[in-house]
1. Subtract the Cα-Cα distance of ASP293 and ILE38 from 0.36 nm times their separation in residues, and report this length gain in nm to one decimal.
2. Under 25 °C and 0.890 mPa s, how fast does segment 107-182 diffuse according to Stokes-Einstein, given a Kirkwood radius computed over C-alpha pairs? Answer in µm²/s, whole number.
3. How do THR435, THR48, THR158 line up, fewest other C-beta atoms within 10 Å first?
4. Lys and Arg at +1, Asp and Glu at -1: add these up for the other residues within a Cβ distance under 14 Å of PHE386 and post the number.
5. Running Debye on segment 71-132 with equal point scatterers at the Cα sites and no solvent, what base-10 log of I(q)/I(0) appears at q = 0.25, 0.26 Å⁻¹?
6. By average Cβ neighbour count within 10 Å, what is the ranking of 278-285, 213-220, 40-47, 358-365 from highest down?
7. Please compute, for the alpha-carbon atoms of the chain, the extent along each of the three principal axes and give them in descending order in Å.
8. Of the peptides 49-56, 174-181, 400-407, how do they stack up when ordered by the mean number of other Cβ atoms within 10 Å, highest first?
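Quick note: the coordinates plus some simple rules give every number you see, no bench work behind them. On a predicted model such as this, the values are computed, not experimentally measured, just so you know. Ideal geometry is used to build each Cβ from the backbone, glycine not excepted, and the neighbour counts take in all protein chains shown.
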Amino acid sequence: MYRSDAVLGQLRAPLSVLLAALLAGHVAGGDVSRRSAIPRSAGVVATTDGVRSLPPGQLGRYVPGSSVLELPSGRYLLPSGEADWLEAAPVVAESRHWLSSGSVPGRTSRERELAERALLDLRALSAPGGGVVASWQPSWDYVWPRDSSWAAAAYCLTGHPDEGVAALRFLAGVQRRDGRWEARYRRDGSRVGDGRPLQLDANGWVPWAGWLCFRSAPSGPAGLRQRAGISALWPMIARASDAAVQSLGSGDLPSPTPDYWEQRTHYVTLGLVGPLRAGLRAAADLARLLGHDADAARYSAAAGRLHRAIVARWGATGYRRTTQLTAGYDAAVAFVAPPFAPPDPVVYTALRAAEPLLRVEVGGISPGQFWSLDRTEAWTPQTAFFALMHASTGNIAAARSDLGWLAAHRTRLGALPERVAAGGEPVSVAPLSWTCAAVLLALVALEKPLPVPPS
């Protein structure tokens, strides 16, 4: 999904060059040769002002409650290099204080350990300006708006609203005048000019995350500050929602744009319309809460039009990736179920049909039944989507099973990788911010269902 610049160059290259690249084992989304079974990093060491990726063979273990690595020598590894305990101790103390300022979700010790590592890794992947990068490795060291939206939601739901609002504020700063977003940005907010088309699903994810942060605010002064932070971002949410409304054309559907697969398509996908519907419903509810009645009516009406189109077009064909019967199922079917949409028996039927076709032999979920890359690999964001869906629909055993699988297939240092190979080894980069965020939301949902944007 996170297609590298080198791969995009290959896709524009002559056929002979592309064939040579394929024979060498390099294709879109990362290497699929045997070398891909070795992650590019085992985790990160981090302070509030620096991050260092750790190579896969790095020895040691994290000091509990921190991203400081204790080395076999008895010394400690910080982004600046090796240190003694006197230098490392303040970093550990600050990290533990940050964790205790919010909540670490999980009913069991294993779930809480998974959540703690995901929180610390998500924090490490959050740049000083608020943008949340996919990972710290080259070609992943960018801010994708959809990933940052999920990170913002995870921060707010775990009691870290300052970081959540900062992630959304970054997105407000880079939003285009037409209300849309580029596919990705650098940490300084500059766009990445690699020719990728706009990905309209961000116009659903950003309003949804803003609404969720507003809805999750606690009572008291802290909650007032949290709601005030989101209220100040209403112009961004309104521009995004206006662009979503304007995108609805023939048949009350948007024009095709790439979704999280990051592939050009001639068809409108479930990975686009699901987030857009959730975002429009969330924006309508937030507008009502903030007293923007005209906006609320407009977004609600547009969400209703889109909903009817989804039910008519996707409901009739079993909620596959597109409205084509031959399209196959997509993990985005989770985006039309709770917590993104109210319960729907037809969607539940689709989920029951899709899950065994999306689940690969190693145990996790593939992005699609006809996913174009290695179909033996499981992708951790998609597995976490299903964990979140199961937790939100009351299937607690299934949610815990998926979360347990994710916990068991991390790197040796506990970082969540992008993918898991057929042999069970972590693949590609670790940690991945989208997976961290999705796992945290699933763990929160096990304790208390997330709000669902009202229809």
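1. Extending this stretch completely gives an extra 86.5 nm.
2. Values: Rh = 13.0 Å.
For these conditions, the coefficient is 189 µm²/s.
3. Ascending number of Cβ neighbours within 10 Å: THR48, THR158, THR435.
4. 0
5. -1.11, -1.12
6. With the highest mean Cβ count within 10 Å placed first, the list reads 278-285, 40-47, 358-365, 213-220.
7. So the three principal-axis extents are 65, 62, 44 Å.
8. Result, highest mean Cβ count within 10 Å first: 400-407, 174-181, 49-56.
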